[in-house]
Protein chains: 2
Amino acid sequence: MVVSMTPEQLTVRLRDAITRLNRRLRQERPLGDLTVTQLSALTSLRIGGALTPRELSDAERVQPPTMTKIVAKLEERGLVQRSPHPTDGRQVLLAPTAEGLEVIDSYQRVRDEWLAAKLANLTPDERDTVARAASILEGLARA
Amino acid sequence: MVVSMTPEQLTVRLRDAITRLNRRLRQERPLGDLTVTQLSALTSLRIGGALTPRELSDAERVQPPTMTKIVAKLEERGLVQRSPHPTDGRQVLLAPTAEGLEVIDSYQRVRDEWLAAKLANLTPDERDTVARAASILEGLARA
DNA sequence: CACGGCTAATTAGCTAGCCTAAGGATCGTG
DNA sequence: CACGATCCTTAGGCTAGCTAATTAGCCGTG
């Protein structure tokens, strides 16, 4: 079932799909709680262990001042802890607190209900397509 | 090459890919020019012909006040025209101006250079996967 | 025919999330 | 030891979304 589409059509189509789905994801913000941006940053911290703000902003593809704000909010909620860098006084190390880790876990289970439910309605074949596309799209965003 | 992934992994992975790619798309704002949101609304108007603000906000999945602002910006630029509803004095009809249509066309060609270039680097197989996924994702966002 | 309740659109005001520019602290090297 | 580079933050601005409240117009009922 090859879809025949010009490159322009594909570009427009993909952009549209991305922006709409993103809007939808933002809307589904569950009680409590963290925004998509905050959760993403927190998750990067768990994966990366302790990161500096610079490393974290690189990982999240935002500018450093943006990350300052995101981290500030996570800190307010006690989900991230800041400690001095052992050898470089300019830098700071960020790490999730125990509560932060807990929050991530509970989100992994609870959070994406809306999207998970939608995905569950797809055929196995469609899910497979989406899974492979997700990897490809991540690659695009990273590049 | 079937990717084996739990539903949770897929959900998280997809959300991540969407948000990151969306950030990237926002950043690539070309000179001139319309934001992704504005272009999307304008395109909906071209497809839908003349729509009321309510219809347009439904189509774009935003709340009416949000659409009021988007339309105001498009109007400022002379890309959208407002006319009274023939039978209902509360409503308003929105339609793209000639210039608005022209702008859409030029964007279709010029705008998504960044994304188009990325897509061009994919293998035909990957492009096909992305194309099919785009349709599926649009369906998700719509539902 | 007027009035009460609904709907459409806008206004007001908030938050998140992104940016650039500029500043202060620290590092490292000549 | 001074000076350029680097790290983080502050300041300020913009887009994009939201909810609550207001204004205007519609319509059915008494």
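Observations on the structure shown:
- Each residue of segment B:65-73 was assigned a 3J(HN,Hα) from its phi angle through the Karplus curve 6.51 cos²θ - 1.76 cosθ + 1.60 (θ = phi - 60°); the sequence is x, 4, 5, 3, 5, 4, 5, 4, 6 Hz, with glycine and proline shown as x.
- Dipole size of the protein assembly as shown about its Cα centre, with +1 on Lys/Arg Cβ and -1 on Asp/Glu Cβ: approximately 420 debye, rounded to the nearest 20.
- Counting, for every residue in A:113-126, the Cβ atoms of other protein chains within 10 Å of its Cβ and taking the mean gives 4.
- Calculated FRET efficiency for the pair A:Ala120/A:Ile47, C-beta based, R₀ 30 Å, to 0.05: 0.75
- Remark: the Cα gyration tensor places segment A:5-114 in the oblate category, a/c being 1.5 or greater and a/b not exceeding b/c.
- Legend: calculated FRET efficiency, A:Thr97 to B:Arg26, from the Cβ-Cβ distance at R0 = 25 Å, rounded to 0.05, equals 0.25.
- When chain B is treated as a Gaussian network with alpha carbon springs shorter than 10 Å, the biggest mean-square fluctuation among B:Gln91, B:Gln38, B:Gln81 belongs to B:Gln91.
- Residues A:Ile70, A:Ile47, sorted so that the one with the fewest Cβ neighbours within 10 Å comes first: A:Ile47, A:Ile70
- Computed label-point distance, nm, for sites B:Ala72 and A:Thr68 using a 7 Å Cα→Cβ extension: 3.0 nm
- Cα-projected label distance for A:Asp58 with A:Thr6, points at 7 Å along beta-carbon direction, nm: 4.1 nm
- Relative to the Cα centre, the charge distribution of segment A:31-111, modelled as +1 at Lys and Arg Cβ and -1 at Asp and Glu Cβ, gives a dipole magnitude of about 140 debye.
- For residues of A:35-46, the mean tally of beta carbons on other chains within 10 Å: 2
- Ascending distances from the A:Gly48 label point to its copies in the other chains, with the point 7 Å along the Cα-to-beta-carbon line: 4.1 nm.
Laboratory data are not the source of any read-out in this text; all were calculated from the coordinates shown. No experiment lies behind these values; they were computed from the predicted model shown. Because the Cβ atoms are built from the backbone with ideal geometry, glycine has one as well, and the counts that use them run over all protein chains shown.
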